[in-house]
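Some notes on the structure that comes next.
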Amino acid sequence: MQASLFRVLFRHELISLYRNRVLITLFSILLVLLVGALWMGSSRLHQQQRTLGQIRAHRVAAQDSLKARIRRIEAHGMYYPGFIWDDPTYAYNTARNEGPQYAVKQPFVLQALATGQSAMQPFYYKVYITRKQALVHESEIDNSFLQFVDTFDFSFVVVYLLPLLIIVFTYNLLSSEKEQGTWVLLKTSNQSIARLLLGRLGIRYGLFTAAVWAVVVPVLTLLIGPSFLATTNWWWLVAFVAGYFAFWFALAFLVNSFSLSSNLNAMSLIFLWLLLGLLLPNLLQIGLNRVYPIPSRIALTKAEREATNRYFEKDGQLLTKEVFNSPRTLIRQASIVTPGMVYGYGIIVSKSQIIKDQATRVAENNLYGQVEKQQVAIGQLQWLSPALLLQEVLATLAGTHWHQFNRFSRDVDVFREHTQQFFYPKMALESTYRTFTVKDADAIPQFQSRAYATYSGQYLGRVLLLHVVGVLVLMVLGYRRLLHASR
Amino acid sequence: MLQAEQLTKRFGAHLALDHLDLDIRSGEVYCLLGSNGAGKSTTINIFLGFLPATSGRALIDGLEVSVNNHATRNMVAYIPEVVNLYPTLTGLENLAFFSGLSGYAYSRAELRSFTQTAGLQDAALDQRVGGYSKGMRQKVGIAIALAKQAKALFLDEPTSGLDPHASNEFAQVITRLSSQGVSTLMATHDLLMAKNLGHRIGIMHQGRLQQELHSEAVSYAELTDCYLTTVNQSV
């Protein structure tokens with residue numbers, strides 16, 4: 001009866017791995033870390049989802065309150081018993097008080113796998129006519145442990161830790177045969193060493209990958225529910241992670257083909273891990289920071305302040321004088337706050353804001369422009385390091401990449417302009433000053449959340465294909481070397 | 001079955017094997033004697049395809065080793081001085097693996113019959129090889145050869161370090177295999193083993209086959225004299 005080589009090797013590998021206590025211990029530790037990382041990621045996701053739920057509830061309550069107050073004022077012949085600056089029928093007051101809406105970047109479910117920039121970048125803003133305000137909700141800082149370990153997630157374990165385990169799995173595939181003397185019996189079998197090694201490596205790759213997903217899928221299902229399985233991004237993620245594991249196995253195959261000692265194999269692979277996982281990405285970042293230096297956020301604030309000062313020193317003087325001295329507004333002369341005064345402040349705020357926004361936009365464009373240039377360069381150079389490539393792809397698939405937050409921030413800027421365009425004309429209506437109605441309250445612009453799925457399937461497919469080609473090249477080189485060596 | 005035709009091997013300036021001619025028939029046990037560096041192991045390594053010959057040909061069942069390496073490896077089994085096996089696997093698992101690599105899938109009962117033929121006790125079958133003695137490992141090596149259904153057996157100092165009882169058991173197995181038509185080329189320093197086990201004995205010195213004797217035609221004393229005379233030629 002003929003034995004299939006695959007069956008023989010599979011059984012052999014299974015027994016050998018199962019009886020290797022060091023490997024089993026290491027694997028178990030890393031699987032525990034993997035579960036921990038999934039818990040961290042899902043906790044952050046849940047935290048954001050809780051915050052967004054609270055924001056939704058707050059928005060509905062604020063809107064209902066606004067409309068109820070306006071209705072009450074209208075029902076009492078426009079009589080408002082409270083402080084004039086709180087009267088919601090003044091557009092300027094509503095623009096300041098209950099009018100500002102939240103702009104929200106909805107987290108992807110896969111954010112539980114790759115925290116990316118979500119720990120640093122705001123995922124929601126409160127948008128005023130004068131500014132977009134990034135807030136930290138109370139519940140977001142109640143778990144200081146999560147804040148402390150925010151980058152320890154699935155992507156960290158996959159990109160940095162699991163390659164180390166792959167190295168332990170593979171560094172002595174061939175050298176151990178030589179060192180323990182079984183090489184001689186293998187060479188007298190009628191299988192080529194290249195084929196044997198390839199078969200064993202393939203089986204180890206399959207077992208390793210299956211073990212990782214066998215842990216990740218049920219744990220993630222328990223933590224965030226099974227909906228992620230129905231997303232296209234999930235299957236892309238599975239494919240990319242499988243490709244990344246394949247790269248490290250292929251690299252180990254090539255290193256093994258040089259027939260060095262186990263120690264040298266291990267050292268070579270660790271060096272490559274350091275080079276590809278840590279050194280190259282960091283050198284790249286240092287280089288790009290020099291080529292495209294990012295202006296500080298302090299510079300952004302400074303530019304805004306200078307623009308305000310310029311405005312008040314020059315153009316604003318005229319407007320301010322006009323408004324202050326106008327018989328309609330009577331700000332200067334008034335001993336009590338008049339309706340005209342509220343209107344006048346609205347005019348000053350809206351006009352000065354246009355000038356400040358223009359000045360800030362230059363500084364913002366400079367900041368985000370430099371960041372985008374860096375991102376474009378990283379996108380082009382990510383091929384130098386599979387670790388960097390996977391990190392970029394995982395963050396993108398999880399919706400936590402820099403460029404996704406960048407786009408969100410820019411969308412919020414556009415939304416603020418819409419908000420301004422909505423409130424400014426109402427603030428400038430002079431007929432009664434008190435122009436804001438229930439109908440207007442219903443018409444306050446709402447931020448339309450987008451998915452920010454910035455990579456097309458075609459692009460991802462191309463990246464994956466090139467990755468697979470890279471793996472195949474390594475395998476072919478290793479196979480040829482082994483064939484040549486065993487001749 | 002095994003033929004060497006003007007087989008020569010050079011390692012740089014050193015001539016390790018010098019125009020060796022051999023012809024070993026089916027079922028014949030051929031013992032190569034000689035001091036260290038005489039060329040015995042080099043001869044075996046060329047037959048196994050581990051080393052390429054500088055010139056000349058090594059043939060197994062009419063097939064030239066260097067040209068038909070894959071086919072010739074299928075016909076041979078090799079038992080080195082120390083049979084190294086996977087220490088975390090049991091004797092039976094090692095046997096199943098190496099016979100499986102050669103394309104044979106045996107039942108546990110069949111594998112057990114090979115180990116019994118090789119003289120390995122049943123109690124040891126399911127023990128990890130890490131705890132085996134040298135003799136037990138040799139027996140697993142023989143069982144692998146049996147399971148591979150090898151036509152030719154290459155032995156390199158197989159009884160070195162074995163106790164007399166284990167050596168005797170080993171010799172019995174080789175004799176049994178010989179009676180089944182398996183050709184054996186054995187490199188050894190053990191003159192008594194060569195005399196008792198071999199049909200023919202070749203004495204090598206400095207890469208050349210200096211003497212070839214039929215073991216039945218010489219006494220142990222004559223063999224010893226002949227051996228000493230040959231290896232002391234250049235002293």
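The values are calculated or read from the model by the stated rules, or taken from the named source; none is laboratory data. Keep in mind it's a predicted model, so treat the numbers as computed, not measured. Note that each Cβ is placed from the backbone with ideal geometry, even for glycine, and that neighbours are counted across all protein chains shown.
Structure above, values below:
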{"read-out": "Residues that are within 12 Å of another protein chain (Cβ to nearest Cβ) and buried (at least 16 other Cβ atoms within 10 Å of the Cβ), drawn from segment B:120-130", "value": "B:ARG128, B:VAL129"}
{"read-out": "Filter result (of a type outside the set (Ser, Thr, Tyr) and either within 11 Å of chain B (Cβ to nearest Cβ) or without any contact (Cβ under 8 Å) to a residue 24 or more places away in the chain (or both)) within segment A:170-192", "value": "A:GLU177, A:LYS178, A:GLU179, A:GLN180, A:GLY181, A:TRP183, A:VAL184, A:LEU185, A:LEU186, A:LYS187, A:ASN190, A:GLN191"}
{"read-out": "Conditions (1) more than 13 Å from every other protein chain (Cβ to nearest Cβ); (2) crowded, with 19+ Cβ neighbours inside 10 Å: number failed by B:SER133", "value": "(2)"}
{"read-out": "Only listed residue being farther than 28 Å from A:HIS401 by Cβ and either of a type in the set (A, V, I, L, M, F, W, C) or in a loop (DSSP other than H, G, I, E, B) (or both), chosen from A:LEU460, A:LEU474, A:LEU429, A:LEU465", "value": "A:LEU429"}
{"read-out": "Enumeration of residues in segment A:369-393 that are among the acidic types (Asp, Glu) and either at pLDDT below 85 or within 26 Å of A:ARG131 (Cβ to Cβ) (or both)", "value": "A:GLU372"}
{"read-out": "Matching option when the condition is surrounded by fewer than 21 Cβ atoms within 10 Å (Cβ to Cβ), part of a loop (DSSP other than H, G, I, E, B), of a type in the set (Val, Ile, Thr) and over 18 Å from the mean Cα position of the chain (by Cα), among B:THR88, B:THR8", "value": "B:THR88"}
{"read-out": "Whichever residue in segment A:396-407 is surrounded by 24 or more Cβ atoms within 10 Å (Cβ to Cβ) and assigned to a helix (DSSP H, G or I) and, among such residues, is farthest from the chain's Cα centre (by Cα)", "value": "A:LEU397"}
{"read-out": "Members of segment A:1-12 that are modelled with pLDDT under 90 and at the interface with chain B (Cβ under 7 Å from one of its Cβ atoms)", "value": "A:MET1, A:GLN2, A:ALA3"}
{"read-out": "From B:LEU185, B:LEU177, residue being touching a strand residue (DSSP E or B) at 6+ places or on another chain (Cβ under 9 Å), under 13 Å from B:VAL29 (Cβ atoms), modelled with pLDDT of 90 or more and not hydroxyl-bearing (Ser, Thr, Tyr)", "value": "B:LEU185"}
{"read-out": "A:ILE15 in a helix (DSSP H, G or I), within 14 Å of chain B (Cβ to nearest Cβ) and β-branched (Val, Ile, Thr)", "value": "yes"}
{"read-out": "Residues (within 13 Å of another protein chain (Cβ to nearest Cβ), buried (at least 18 other Cβ atoms within 10 Å of the Cβ) and of a type in the set (A, V, I, L, M, F, W, C)) located in segment B:54-75", "value": "B:ILE60, B:VAL65, B:MET75"}
{"read-out": "Test: residue in segment B:213-221 that is more than 15 Å from B:THR159 (Cβ to Cβ) and buried (at least 18 other Cβ atoms within 10 Å of the Cβ)", "value": "yes"}
{"read-out": "Selection from segment B:86-98 of residues that are of a type outside the set (Asp, Glu) and at the interface with another protein chain (Cβ under 10 Å from one of its Cβ atoms)", "value": "B:TYR86, B:PRO87, B:THR88, B:LEU89, B:THR90, B:ASN94, B:ALA96, B:PHE97, B:PHE98"}
{"read-out": "Condition broken by A:ARG21, with the remaining ones in (1) more than 33 Å from the chain's Cα centre (by Cα); (2) surrounded by 14 or more Cβ atoms within 10 Å (Cβ to Cβ) satisfied", "value": "(2)"}
{"read-out": "Index of the failed condition, B:GLU169 passing every other in (1) surrounded by 17 or more Cβ atoms within 10 Å (Cβ to Cβ); (2) within 20 Å of B:TYR30 (Cβ to Cβ); (3) among the acidic types (Asp, Glu)", "value": "(2)"}
{"read-out": "Residue within segment A:249-258 that is within 14 Å of chain B (Cβ to nearest Cβ), surrounded by 18 or more Cβ atoms within 10 Å (Cβ to Cβ), small (Gly, Ala, Ser) and touching a helix residue (DSSP H, G or I) at 6+ places or on another chain (Cβ under 9 Å) present", "value": "no"}
{"read-out": "Which listed residue is within 29 Å of the chain's Cα centre (by Cα) and not in a helix (DSSP H, G or I), from A:GLN106, A:GLN117", "value": "A:GLN106"}
{"read-out": "Output for segment B:76-85, where each listed residue is buried (at least 20 other Cβ atoms within 10 Å of the Cβ) and either more than 7 Å from chain A (Cβ to nearest Cβ) or of a type in the set (Phe, Trp, Tyr) (or both)", "value": "B:TYR78, B:ILE79, B:VAL83"}
{"read-out": "Filtered residues of segment A:285-312 (kept if of a type in the set (Val, Ile, Thr) and either at pLDDT 80 or above or not in a helix (DSSP H, G or I) (or both))", "value": "A:ILE286, A:VAL291, A:ILE294"}
{"read-out": "Conditions (1) surrounded by fewer than 18 Cβ atoms within 10 Å (Cβ to Cβ); (2) without any contact (Cβ under 8 Å) to a residue 24 or more places away in the chain; (3) over 30 Å from A:LEU260 (Cβ atoms); number of the one not met by A:VAL476", "value": "(3)"}
{"read-out": "Residue count for segment A:394-412, restricted to those that are over 13 Å from A:VAL109 (Cα atoms) and at pLDDT 90 or above", "value": "3"}
{"read-out": "Qualifying positions in segment A:432-451 - at negative phi, at pLDDT below 85 and not basic (Lys, Arg)", "value": "A:THR432, A:THR435, A:ALA451"}
{"read-out": "Within segment B:99-119, considering residues that are away from chain A (no Cβ under 13 Å) and of a type in the set (A, V, I, L, M), the one farthest from B:ARG137 (Cα to Cα)", "value": "B:ALA109"}
{"read-out": "Scan of segment A:38-88 for residues that are of a type in the set (Phe, Trp, Tyr), without any contact (Cβ under 8 Å) to a residue 60 or more places away in the chain and part of a helix (DSSP H, G or I), ordered by number", "value": "none"}
{"read-out": "The listed residue being of a type outside the set (S, T, N, Q) and over 25 Å from A:TRP213 (Cα atoms), out of A:ARG44, A:ARG59", "value": "A:ARG59"}
{"read-out": "Test for A:ALA363: is it in contact with an Asp or Glu (Cβ under 8 Å, 6 or more places away or on another chain), under 30 Å from A:LYS314 (Cβ atoms) and either of a type in the set (Gly, Ala, Ser) or in contact (Cβ under 8 Å) with a residue 40 or more places away in the chain (or both)", "value": "yes"}
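Listed here are the residues, each with its yes/no results for (1) in contact (Cβ under 8 Å) with a residue 12 or more places away in the chain; (2) within 17 Å of A:GLU177 (Cα to Cα).
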{"residue": "B:PHE98", "(1), (2)": "yes, yes"}
{"residue": "B:TYR104", "(1), (2)": "yes, no"}
{"residue": "B:GLY130", "(1), (2)": "yes, yes"}
{"residue": "B:GLU157", "(1), (2)": "yes, no"}
{"residue": "B:ASN168", "(1), (2)": "no, no"}
